[in-house]
Amino acid sequence: MQGCDVMNFQTVDYIDWFRINWHDIDYDLATSGLHPVSLSDVNIHLDDLNLGKTLFFGHPKLVEMISEIYGVEENEILITSGSTHANYLMCALLIEQGDEVIIERPVYTPLLDVVKFFGAKVKYLERKYEEGYNLNLEQLKEMTGKDTRMMVFTNLHNPSGAMTNEKTLKAISEIADDNNIYVLSDEVYRDFIFENAPPIFSSLTQLGISTCSVSKFYGAGALRVGWAMCREELVDKARKLNDYILAANSCGGEEIAALIMENRSWFVEKIMNITKRNRPLVKSWIEKREDLEGIVPRHGFICFPRLLLDIDSMELTELLLKKYRTMISPARFFDCEKHIRIGYGGDEMILEKGLEYLGFALDELGGSEK
Ligand SMILES: Cc1ncc(COP(=O)(O)O)c(C=O)c1O
């Protein structure tokens, strides 16, 4: 691992912006997963919570749950403090100054930032609106070569919610194997695919790393529990690297995560109900707008409509925040322009009001309904 310039690092602008704005709003259309539920909803009691014994290999119950759900060997699971931590550890281990890394765009910029933090030379694989934000394999083949160290993408894609299917994933794994390229597949939204889910990427090649967490599907981001699934050698190395940072994660957090995951079917039902209610709401609202276009994808709780107004999406976002206490995510945080990301995994009334305010803000900037 090469040292990075820790005194002069670039800030992770999206997280920084969220930290400043997220707690001071009434209508949250920025959260990308399920909005939080309470422990009593899932009948969880914590009378026997372990507060004393540090678990250096992750909470056994949590590791067992992950192994069962994803069909992965327990020694191929690294428990982390959120997928952010997992992504960081993997990039720290695998990227050296000047390494070429291919990353999707639009991109969840904290992923891009971490790759850059370790000194990668970045090449962008463009996901195009016109192509349903699908990964373009021809372009990927042309871009990859012996100098490529790593590819990074999300499945489901953040921000568009597009799903990459098994055939494409297999083709990517072949490109990876042919050129000896690591693949970091951030799968924090994959759990939202209930039927015919594509495989986790790490099951396709020894060079694959899948990262995930309880933040999106279980709405438990504040627990800070995530994991990486990859070959054992990488798990061991990441653990040793983590000795410099956390040594071990919060055992209480991991235990609660395991208890939550035991209630997976409750979450599936909850998510299906919210989808049934909220998805048509967002879809018909977008269709009514003259100034937006785009689909609401089948899986997950995010969509990424294109702005047809000649304005900066940050201007719209700021107006919405200041005047209407409503939050969306502007395109800037996905390294692109002229889009907004709307999250709809929460209360129906909040969503309706938030969309109404979003409409008012668009109108004020020159937009209109059809
Ligand atoms: C693609 C992606 N990866 C990682 C994260 C961070 O999640 P976690 O809470 O697991 O660190 C997010 C959060 O929005 C995300 O969208």
Could you identify the single residue in Val114, Val107 that is within 16 Å of the ligand (Cβ to nearest atom), among the β-branched types (Val, Ile, Thr), assigned to a loop (DSSP other than H, G, I, E, B) and touching a helix residue (DSSP H, G or I) at 6+ places or on another chain (Cβ under 7 Å)? Val107
Could you run through segment 241-254 and say how many residues are within 16 Å of the ligand (Cβ to nearest atom) and either over 20 Å from the mean Cα position of the chain (by Cα) or not in a helix (DSSP H, G or I) (or both)? 5
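State whether the residues of segment 74-85 include one that is surrounded by 16 or more Cβ atoms within 10 Å (Cβ to Cβ), on the phi > 0 side of the Ramachandran plot and modelled with pLDDT of 95 or more. Walk me through how you get there before you give the answer.
Applying the first criterion (surrounded by 16 or more Cβ atoms within 10 Å (Cβ to Cβ)) to segment 74-85 yields 76-85.
Filter once more, so that each one left must be on the phi > 0 side of the Ramachandran plot: 82.
If we keep only those that are modelled with pLDDT of 95 or more too, we end up with 82.
Within segment 74-85, one or more residues are surrounded by 16 or more Cβ atoms within 10 Å (Cβ to Cβ), on the phi > 0 side of the Ramachandran plot and modelled with pLDDT of 95 or more.
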Only one of Ala257, Ala238, Ala228 that is within 19 Å of the chain's Cα centre (by Cα), more than 30 Å from Glu369 (Cβ to Cβ), part of a helix (DSSP H, G or I) and in contact (Cβ under 8 Å) with a residue 40 or more places away in the chain: Ala257
Here's a check for you: in segment 201-214, which residue that is outside any helix (DSSP H, G or I) and surrounded by 23 or more Cβ atoms within 10 Å (Cβ to Cβ) is nearest to the ligand (Cβ to nearest atom)? Ser213
When you check Ala120 against the structure, is it in the same structural domain as Glu232 (by TED's automatic domain parsing) and touching a residue at least 60 places away in the same chain (Cβ under 8 Å), yes or no? no
Name the residues in segment 329-367 that are touching a residue at least 24 places away in the same chain (Cβ under 8 Å), outside any loop (DSSP other than H, G, I, E, B) and among the aliphatic types (A, V, I, L, M), would you? Ala331, Ile340, Ile342, Ile350, Leu351, Leu355, Leu358, Ala361, Leu362
Subset tally (residues that are more than 13 Å from Leu34 (Cβ to Cβ) and out of contact with any helix residue (DSSP H, G or I) (no Cβ under 6 Å at 6 or more places or on another chain)) for segment 257-269: 3
Leading residue by the ranking (modelled with the lowest pLDDT) among those in segment 175-197 that are among the acidic types (Asp, Glu) and more than 16 Å from the ligand (Cβ to nearest atom): Glu195
Restricting segment 69-94 to residues that are assigned to a helix (DSSP H, G or I) and among the polar types (S, T, N, Q), which is nearest to Asn263 (Cα to Cα)? Ser83
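The values are calculated or read from the model by the stated rules, or taken from the named source; none is laboratory data. None of the values given here were measured: they were computed from a predicted structure. For neighbour counting, all protein chains shown are included, and Cβ atoms are generated from backbone atoms with ideal geometry for every residue, glycine included.
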